[in-house]
Amino acid sequence: MRLIIYGDFNCPYSFLASQRMDTLARLGHQVQWRAVEHDPRLSMTGTPSAAQHERWLRELDEVASLALPGEQAPTRTPDLISNTYAATAAYAESITDGIADALRRALFQAIWVSRKNLSNAYDVRPIITAITSPPLDVRSRLGLELPLPGLDSLDPAESTRRYGGTVAPNGAPLTTTGWRRIGAWRSDWLALSQPVVPAAVDIDATAHLGIDALTWLASLLPESAQRQATRPTVPTTRPAAENRTVTNAAIGASR
């Protein structure tokens, strides 16, 4: 089956959707991830999570209740909630470099496992570099008259991309191609009946939104994987829903 998933890197529900996407891909489904910002107005230096501590606790409880066996649910909220403009730009560019899946996983891990603030382009770049130019054991090359990997290219653009330069200092994507991807993804996402994250769209253009998206993705898995671990049931009022919904003001916001 072909499907599209929209998600934001600072959304714990999207973190689950990302893991579910990897499982579906291993089962042969054709899944495309599209990165979007559910709230572009978040601070470019990170928004303290302590201001809404109780709400975040309820949200993490709900995410934990939705996690399937083998899936990783975040246990703590980052001290600062990332503005994901730079992360979204990096992901858009990563498709060109063929590292989209690896970067998607790394960005979610950095925010929800390592609890990093990735609001700044200079915080995102090392994550790209760790994939495109991992640390090299120079001892293995001592005495060899060979250039170090990545330093033998005459194309300066290649070195720029290899060392995280796909994200400009202001967090924007490096290329027009990256800009167009972000714009197209956001336009298609906003055209859904309700722009929330995560959102999953099937081959018939039917959109599954929020928790329903996670439930639908789980329904595509083998029955053994669908059985959820026993966890406390949280209220169905979903107090964090506003944090996953784009308001009219946010839709019109520009940088």
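Tabulated results
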quantity: From ILE95, ILE81, residue being in contact (Cβ under 8 Å) with a residue 60 or more places away in the chain, touching a Pro at 6+ places or on another chain (Cβ under 8 Å) and not charged (D, E, K, R); calculated: ILE81
quantity: Selected residue (only one of ALA86, ALA157, ALA172, ALA106 is of a type in the set (Gly, Ala, Ser) and modelled with pLDDT under 95); calculated: ALA157
quantity: Pairs where the first residue, in region 18-45, is touching a residue at least 60 places away in the same chain (Cβ under 8 Å) and the second is among the hydroxyl-bearing types (Ser, Thr, Tyr) and part of a helix (DSSP H, G or I), C-beta under 6 Å, 6+ apart; calculated: ALA35/THR88; ALA35/TYR91; GLU37/THR88
quantity: Residue in region 27-43 that is touching a Phe, Trp or Tyr at 6+ places or on another chain (Cβ under 9 Å), part of a helix (DSSP H, G or I), charged (D, E, K, R) and buried (at least 17 other Cβ atoms within 10 Å of the Cβ) present; calculated: no
quantity: Filter result for the condition that a residue is assigned to a helix (DSSP H, G or I), surrounded by 17 or more Cβ atoms within 10 Å (Cβ to Cβ) and touching a Gly at 6+ places or on another chain (Cβ under 7 Å), over GLU93, GLU59; calculated: GLU93
quantity: In region 69-89, the residues that are closer than 17 Å to ASP123 by Cβ and either more than 10 Å from the chain's Cα centre (by Cα) or part of a loop (DSSP other than H, G, I, E, B) (or both); calculated: PRO78, ASP79, LEU80, ILE81, SER82, ASN83, THR84, TYR85, ALA86, ALA89
quantity: Residue that is farther than 22 Å from PRO12 by Cβ, surrounded by fewer than 21 Cβ atoms within 10 Å (Cβ to Cβ), hydrophobic (A, V, I, L, M, F, W, C) and touching a residue at least 40 places away in the same chain (Cβ under 8 Å), where the choices are ALA191, ALA172; calculated: ALA172
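The values are calculated or read from the model by the stated rules, or taken from the named source; none is laboratory data. The structure presented is a predicted model; accordingly, all values stated were derived computationally and were not measured. Neighbour counts are summed over all protein chains in view; Cβ atoms, including those assigned to glycine, are modelled from backbone coordinates with ideal geometry.
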